[in-house]
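What follows is one structure encoded as C-alpha cells, with my remarks underneath.
The values are calculated or read from the model by the stated rules, or taken from the named source; none is laboratory data. Remember, predicted model here, so these are calculated numbers, not experimental data. Here the Cβ is made from the backbone with ideal geometry for all residues, glycine too, and neighbour counts use every protein chain on show.
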Amino acid sequence: MSTNHCVKKVPPENVYGVWSNGTWTYYVLKKYQTPEHEGKNPYARWHCLVISPITPKGEYGDVYVSTVKTGTHVIANPLVQTSGEANGTTTKGSA
C-alpha cells in the first residue's frame, strides 16, 4: 500500500500542482487519496484554490479530480518567483 504524500494542506505558494486551461486555474492544495485510488474512484477530489473569470481573486473548495484534469494542463506555479525575478534581472519583452 502506498502512502499519500499530498494529504497535508499547503498554501498556494507551495502547491502540489497547478492546472490551467488559460481561463480557469486550479492550485492543488491537498489530495485526499493516493493516485492509485484516485484512478479507481470517479468521485476522487482535491482541495483547490480556483481562479476563474467568475472568481478572479480565487475561491477555495473541493473539486473533482476529473474536473481539474479535463481540458487543462500542468503549468509552473505563477505565485512562485523564478530565479532572476527577486533581484530585478529578468527582462520582459525586447527593447
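Things to note:
- Single unsatisfied condition, TRP46 versus (1) assigned to a loop (DSSP other than H, G, I, E, B); (2) at pLDDT 95 or above; (3) surrounded by 11 or more Cβ atoms within 10 Å (Cβ to Cβ): (1)
- Screening ASN4 against (1) surrounded by 14 or more Cβ atoms within 10 Å (Cβ to Cβ); (2) outside any strand (DSSP E or B); (3) modelled with pLDDT of 95 or more; (4) not hydrophobic (A, V, I, L, M, F, W, C) leaves a single unmet condition, (3).
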